[in-house]
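I have a structure I would like to understand better, so I am pasting it below and will then ask my questions one at a time.
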Amino acid sequence: MNTPLVSIITPVYNAEKFIEETIDSVLNQTYSNWEMILINDQSPDNSKDIILSMAKQDSRIRLIDLDENSGAAIARNKGIDASNGQFIAFLDSDDLWHPQKLEKQIEFLLQNDYAFSFTSYELMEENGTKTGKTVNVPSKMEYEDLLRNTIIGCLTVILDKNKIGEIKMVDIRTRQDFVLWLNILKRGFTAYGLNEPLAYYRKVEGSISSNKVKAAKRNWQVYREIEKLSFFKSVRVFLGYAYNGWKKS
């Protein structure tokens, strides 16, 4: 199999509890042609020292320091701008990958000539205990599908930069990944799902993504303020989003 370079983008803020385990899950990949770009968003904890220590042991690990705290979207964009790979993958600083994640997903992309893929993932508690819950994914998603079902986990996505072109997240506090997927699909691309759990999403108490009410409000803002959907279409897709969210819970 052809083994193009994969650039893994990881924003870092107050991640000292989990970042070593996250990096280890990349080091344990059976696919070895990767670079991991960790963007320190002025984290006040010990995250930077942990990353620097691990980077000394493996040159594929790179650290970028931001001059000021800028948020996940800008941090990811800085990482993307600094990337060298044909493929862009995303992994947050508290999540984990299955050891064969890159191997299986890159093969899936190359064999089918896809530009955008995502996979199923398992949920785990903050302490790393597996919940037994898997978020299964459909075989493909178009723009209209994604409006109603935000099932694409950022930690599972890999994009072919050569095919897609510009990859840039909008600077909003949260849901910036959802908006990026929508923007790519609006350009005529399809997101293809590999229904095999190849990542582990950590449910961290108090995190932005853990608050379902705030997530719902921000989804509504995406529909109305960013996607500029009409009120009635926003209601229709929001009801679909709420139903699919209930099925996942």
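Output the residue which, of all residues in the stretch 173-194 that are touching a Lys or Arg at 6+ places or on another chain (Cβ under 6 Å) and at pLDDT below 95, is nearest to T119 (Cα to Cα).
R175
Next up: Out of everything in the stretch 99-158 that is free of Cβ contacts under 8 Å to residues at least 12 places away in the same chain and under 17 Å from E196 (Cβ atoms), what residue ends up being nearest to the chain's Cα centre (by Cα)?
K133
Further question on the same structure: Pull up the stretch 185-244, narrow it to residues that are of a type in the set (S, T, N, Q) and buried (at least 18 other Cβ atoms within 10 Å of the Cβ), then point me to the one that is farthest from the chain's Cα centre (by Cα). Walk me through it before giving the result.
To start, the set of residues in the stretch 185-244 that are of a type in the set (S, T, N, Q) comprises 190, 195, 207, 209-211, 219, 221, 230, 234, 244.
After this cut, where a residue has to be buried (at least 18 other Cβ atoms within 10 Å of the Cβ) as well, the list is 219, 234.
Working: N219: 17, S234: 24 Å.
Once the filter is applied, the top-ranked residue is S234.
Which of the residues that make up the stretch 33-52 are in contact with a strand residue (DSSP E or B) (Cβ under 6 Å, 6 or more places away or on another chain), of a type in the set (V, I, T) and not in a strand (DSSP E or B)?
I51 - this is the single residue of the stretch 33-52 that is in contact with a strand residue (DSSP E or B) (Cβ under 6 Å, 6 or more places away or on another chain), of a type in the set (V, I, T) and not in a strand (DSSP E or B).
Among the residues of the stretch 142-178, write down those that are surrounded by 17 or more Cβ atoms within 10 Å (Cβ to Cβ) and among the aliphatic types (A, V, I, L, M).
L146, L147, I151, I152, L155, V157, I158, L159, I167, M169, I172
Does A75 satisfy being hydrophobic (A, V, I, L, M, F, W, C), closer than 25 Å to L198 by Cα, touching a residue at least 40 places away in the same chain (Cβ under 8 Å) and in a helix (DSSP H, G or I)?
Yes, satisfied.
Working only within the stretch 16-63, note down all residues that are more than 14 Å from L91 (Cα to Cα), of a type in the set (A, V, I, L, M) and surrounded by 14 or more Cβ atoms within 10 Å (Cβ to Cβ).
I50, I51, M54, A55, L63
Here's another thing I want to ask about it. Would the stretch 197-218 turn up any residue that is within 30 Å of S25 (Cα to Cα), at pLDDT below 95, part of a loop (DSSP other than H, G, I, E, B) and of a type in the set (D, E, K, R)?
Looking for residues that are within 30 Å of S25 (Cα to Cα), at pLDDT below 95, part of a loop (DSSP other than H, G, I, E, B) and of a type in the set (D, E, K, R), one finds at least one in the stretch 197-218, hence yes.
The values are calculated or read from the model by the stated rules, or taken from the named source; none is laboratory data. Note that the structure is a prediction, hence the values are computed from the model and not measured. When we count neighbours, we look across all protein chains shown, and the Cβ atoms used for this are built from the backbone with ideal geometry, even at glycine.
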